[in-house]
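Beneath this line is the structure, given in structure tokens, with notes to follow.
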Amino acid sequence: MHKRIIYSVFGVAAAGVVLFGVYAWHPEIAPLAPGAKPPFSQADIARGKIMAAAGYCSTCHTPPGGLEYGGNYQMNTPFGVIYSSNITPDPDTGIGRWSEEAFIRAMRTGVSRDGHHLLPAFPFEHFNKMTDDDIKAIYAYLMSSVPAVNQQKKENGIAFPLNLRFLQAGWKLLFANTTPFEKHSDKSDEWNRGAYLAQGIAHCGACHTPRNALGGEKYSQMYEGALIDGWIAPSLTRSSTSPLHWRAQDFYEYLRTGNSPYHGAAAGPMAPVVHHGLAALPDADLKALSVYFGELAGSNSDDPAAAPKLQAAVDEQHKIKDLRIDNGARLYTSTCSACHYSSSQQVKGRPLLALGSATHLEDPSNLINVILDGFRSDQGISGVVMPQFRDALSDDDITAIATYLRQTAGEQPWPNLLQKVGEIRRQPRFEQ
Ligand code: HEC
Ligand code: HEC
Ligand code: HEC
């Protein structure tokens, strides 16, 4: 009797393994014959170039100072180091011998031409929302216009057993959203275009949606904010902690220029999204994205210029502090306020820190990152810089300034801040 149970348990398990094997297995797609490059239309190549930019392909497939699209950009994930692939048309080390069919399969299902599973650090679960035509356009651009680079991909540093590629099939089954993009007929064309771009090529959720312990996006909390590369990608929904509502036009301004006067500037991993990615998209597409996010954030049409919170933030700057007693106020006044003072919030490029998300997030990482490393001219508004204070201010100083900013913005002090500042200072810095 017992034996029979054991046999049947084994039987079910074995059948499961076989079924999983069948599910997980993908055939190789035959390589293109040497020199057999399909003809591409100029219109497709041009559109593919824009789409590739909007998908930040180059940001992830080019290491700092490396050859464009040559791969080996290093991504540090909780599961280990992952290196991106060479996606130039090099026939030996790139995708030069990939057919259009192989490329579409990779973009839709995360399976390489030879049949091995790709890790979800490659955001195929967003790219699968794209139309075939858009994916083909990217293929046309990469195959025709990107110079071939001969460079092998480095081995990923993922520990056993997660390095077993076929297990990715299980991950996909559990976590990947593979449903194609669906138009919402009750929404405008503009909204639908924004949703298509955000969920697909621009994969905003890859950074702004929280993930579970195995790295799957929690779709029930889409865009509710997440930790990415030591930064907080804030919530883009009604759960945003921003004191002033994000309206469609605020999203538009932020995404187009890298700064919203009512909210702050784009630093860290968001800077290349704006300046290398979305910059390629025409205005109509950025407006569409903004309409989509404006609705998710509540689409509040109140004029922020008249908001009492704005007035309070402006007034706060005019108060006379007792600098003999308050160390935070003294440090803030001597190191920050010359640049962060304005008599109205309409002055661009000088964010009122009492309104910015960095001050209002539950986690202090963004504020500390900005104080330590400042803003380069290719971050936030182009050409505007903030110096770094890494060498000028001690952990105690930064803690005092951050605590002062929190208090004057009406928030509770962050717990264990001093320790956190030390931890963030010691983190290795990654170039973007
Ligand atoms: C967030 C980073 C990231 C972005 C953005 C990204 N990729 Fe990748 N991509 C990767 C990583 C990492 C790998 C390798 C994954 C692995 O080792 O399993 C990869 C692999 C690939 C592969 C498989 C290559 C092969 O030899 O198997 C293709 C094709 C690809 N990417 C195309 C693109 C295109 C096209 C875009 C833009 C539309 C893009 N990627 C954007 C990180 C990224
Ligand atoms: C590579 C990761 C990444 C991607 C992709 C990304 N973001 Fe971000 N985003 C961030 C980070 C990190 C921040 C915080 C930056 C800062 O505070 O300077 C941020 C900030 C923002 C902010 C400011 C929020 C606030 O309250 O201050 C907006 C708006 C935003 N992102 C919208 C988008 C949209 C729309 C997309 C897709 C088109 C997108 N992001 C894609 C990482 C990302
Ligand atoms: C020399 C001028 C200058 C000084 C000094 C300066 N900043 Fe900045 N800061 C800027 C500029 C300019 C920006 C916006 C950058 C952009 O849009 O490109 C900025 C942006 C910021 C942001 C991002 C705002 C947001 O919410 O997105 C924070 C936070 C910040 N500064 C904090 C500080 C603190 C704290 C100090 C003092 C330790 C300081 N800054 C000193 C010029 C300065």
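The values are calculated or read from the model by the stated rules, or taken from the named source; none is laboratory data. Source: prediction; values computed, not measured. Counting neighbours? That spans all protein chains shown, and the Cβs are built from the backbone with ideal geometry, glycine included. The protein model used for the area step is the full one, side chains on, heavy atoms only, and it has no ligands, DNA or RNA in it. Shrake-Rupley method; radii C 1.70, N 1.55, O 1.52, S 1.80 Å.
Close amide H contacts of ILE228 (hydrogens built in the peptide plane, cut-off under 5 Å, sequence separation of 5 or more or a different chain): ALA233.
Amide H to amide H distances under 5 Å link VAL111 with ALA106, LEU118, where only residues 5 or more positions off or on other chains count and H is placed in the peptide plane.
With springs connecting C-alpha atoms under 10 Å apart, model the chain as a Gaussian network and identify which of ASP395, ASP373, ASP303 has the largest mean-square fluctuation. Fluctuation is largest for ASP303. For region 26-175, carbon and sulfur atoms together expose 60% of the accessible surface, with a 1.4 angstrom probe and every protein chain in place. Applying 1/(1 + (r/R0)^6) with r as the Cβ-Cβ distance of ALA30 and ASP189 and R0 = 41 angstrom yields a FRET efficiency of 0.55. Greater than 31 Å separation of Cα atoms is the criterion. Which listed pairs, LYS49/LYS420; LYS183/LYS309; LYS136/LYS187; LYS153/LYS183; LYS154/LYS420, meet it? Pairs exceeding 31 Å: LYS49/LYS420; LYS183/LYS309; LYS153/LYS183; LYS154/LYS420. Rounded to the nearest 0.05, the FRET efficiency derived from the C-beta distance between SER145 and SER377 at R0 = 41 Å is 0.90. Distances between every pair of Cα atoms in region 318-426, grouped in 5 Å steps from 0 to the bin holding the largest one, split as 2, 12, 22, 26, 22, 12, 4, 0 percent. Protein heavy-atom accessible surface, 1.4 Å probe, per residue over the chain: 50 Å². Each residue of region 221-228 was assigned a 3J(HN,Hα) from its phi angle through the Karplus curve 6.51 cos²θ - 1.76 cosθ + 1.60 (θ = phi - 60°); the sequence is 10, 4, 6, 8, x, 7, 8, 9 Hz, with glycine and proline shown as x. With the highest mean first, a sort of the peptides 250-257, 183-190 on other beta-carbon atoms found within 10 angstrom per residue produces 250-257, 183-190. Computed over neighbours whose Cβ is under 15 Å from that of VAL81, the net charge equals 0, Lys and Arg +1, Asp and Glu -1. Sites listed here are GluC sites (Glu not before Pro) in region 291-396 whose DSSP assignment is loop and whose Cβ has at most 12 other Cβ atoms within 10 Å: GLU362. Taking the helices alone, the chain has a mean residue ellipticity at 222 nm of -12000 deg cm²/dmol, built from -39,500 (n - 2.57) per DSSP H run of at least 4 residues and averaged over all its residues.
Whole angstrom only: what separates the Cα centroid of region 378-392 from the Cα centroid of region 112-161? If you average the Cα positions of each part, the centres end up 33 Å apart. Relative protection proxy for 273-280, 331-338, 31-38, from highest mean packing down: 273-280, 331-338, 31-38 (other beta-carbon atoms within 10 angstrom). Between TYR219 and ASN163, what is the label-point separation in nm under the 7 Å Cα-to-beta-carbon projection? For ASN163 paired with TYR219, the spin-label model returns 3.2 nm. For ALA354, the shell of other residues with beta-carbons less than 12 Å away shows a net charge of 0, using +1 for Lys and Arg and -1 for Asp and Glu.
Whole-Hz Karplus values for region 76-82 come out as 9, 10, x, 9, x, 7, 10 Hz, taken residue by residue from phi with 6.51 cos²θ - 1.76 cosθ + 1.60 and θ = phi - 60°; glycine and proline positions read x.
Note on GLU68 and ASP133: the extension gain reaches 21.0 nm, defined as 0.36 nm multiplied by sequence separation minus the Cα-Cα distance. A simple spin-label model places pseudo-atoms 7 Å from Cα toward Cβ; at GLN412 and LYS309 they are separated by 1.8 nm.
For region 189-296, the share of accessible area belonging to carbon and sulfur comes to 57 percent (1.4 Å probe, ligands and nucleic acids excluded).
Rounded to the nearest Hz, the phi-derived 3J(HN,Hα) couplings of region 350-363 under the Karplus curve 6.51 cos²θ - 1.76 cosθ + 1.60 (θ = phi - 60°) are 10, x, 6, 5, 5, 9, x, 5, 4, 7, 9, 5, 5, 10, where x marks glycine and proline.
Of the peptides 124-131, 352-359, the order by per-residue mean of other Cβ atoms within 10 Å, starting with the highest, comes out as 352-359, 124-131. For THR88, the residues 5 or more places off, or on other chains, whose built amide H falls under 5 Å of its own are ILE95, VAL149.
Working from Cα pairs under 8 Å separated by at least six residues, relative contact order for region 26-175 is 31 percent.
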